[in-house]
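Asker: This structure is in structure tokens; I'll ask about it shortly.
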Amino acid sequence: MTSEAPSDFAHSCVPSITSSVRRVALLTTDGVRIQAAYEPGAGLPKGLAVVLAHGFTGALERPALRRAAAAFAQVASVITFSFRGHGGSGGRSTVGDREVLDL
């Protein structure tokens, strides 16, 4: 048995939010602060953006969402966010009732 630290496979293969990603806070019409990120796309056409919305219990920082954002950023700009009550967003989850205001 060795005393080596276990490798962190999940962190090694998940893109992090880098300096090219602009972090912003958005405000919904009912006053909830939403954590969001904008990643300029590397591809064309200019002006094309993809909005990625996570599933229930997800968040902007989740590895699967970051991988999807990195893939889409190859062909378009990407906007990701955390629904209310998730990640760094304010408010409480309404299990879909008010989340349409977040999107």
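Asker: Taking only pairs six or more apart or across chains, which ones have beta-carbon atoms under 7 Å, a first residue in segment 74-101 that is open to solvent by 30 Å² or more (accessible area, probe 1.4 Å), and a second residue that is of a type in the set (Lys, Arg)?
Answerer: Within 7 Å, the pairs are GLY85/ARG92; GLY91/ARG84; ARG92/ARG84; SER93/ARG84; ARG98/ARG84.
Asker: On the basis of being touching a Pro at 6+ places or on another chain (Cβ under 7 Å), modelled with pLDDT under 95 and open to solvent by 80 Å² or more (accessible area, probe 1.4 Å), does ARG23 make the cut?
Answerer: Values: touching a Pro at 6+ places or on another chain (Cβ under 7 Å): no; modelled with pLDDT under 95: yes; open to solvent by 80 Å² or more (accessible area, probe 1.4 Å): yes.
No: the conditions fail for ARG23.
Asker: Please indicate, with yes or no, whether at least one residue in segment 70-85 is of a type in the set (Gly, Ala, Ser) and modelled with pLDDT of 95 or more.
Answerer: If we filter segment 70-85 for residues that are of a type in the set (Gly, Ala, Ser), which is where we start, we get 70-71, 73, 76-77, 82, 85.
Then keep just the ones that are modelled with pLDDT of 95 or more; that gives 82, 85.
Checked against the condition, which is being of a type in the set (Gly, Ala, Ser) and modelled with pLDDT of 95 or more, segment 70-85 yields at least one hit.
Asker: Related question: When segment 46-73 is examined, which residues are found to be more than 21 Å from ASP102 (Cα to Cα), open to solvent by less than 80 Å² (accessible area, probe 1.4 Å) and in a loop (DSSP other than H, G, I, E, B)?
Answerer: Scanning segment 46-73 gives a single hit, ALA73.
Asker: Follow-up. Would it be correct to say that GLY41 is surrounded by 12 or more Cβ atoms within 10 Å (Cβ to Cβ), at pLDDT below 90 and touching a Ser or Thr at 6+ places or on another chain (Cβ under 9 Å)?
Answerer: Numbers: surrounded by 12 or more Cβ atoms within 10 Å (Cβ to Cβ): yes; at pLDDT below 90: yes; touching a Ser or Thr at 6+ places or on another chain (Cβ under 9 Å): yes.
The answer is yes for GLY41.
The values are calculated or read from the model by the stated rules, or taken from the named source; none is laboratory data. Computed from a predicted model, the values in this text were never measured in an experiment. Here Cβ is always computed from backbone atoms with ideal geometry, including for glycine, and neighbour counts include all displayed protein chains. Accessible surface is based on the protein model in full, side chains and every heavy atom, while ligands, DNA and RNA are left aside. Shrake-Rupley method; radii C 1.70, N 1.55, O 1.52, S 1.80 Å.
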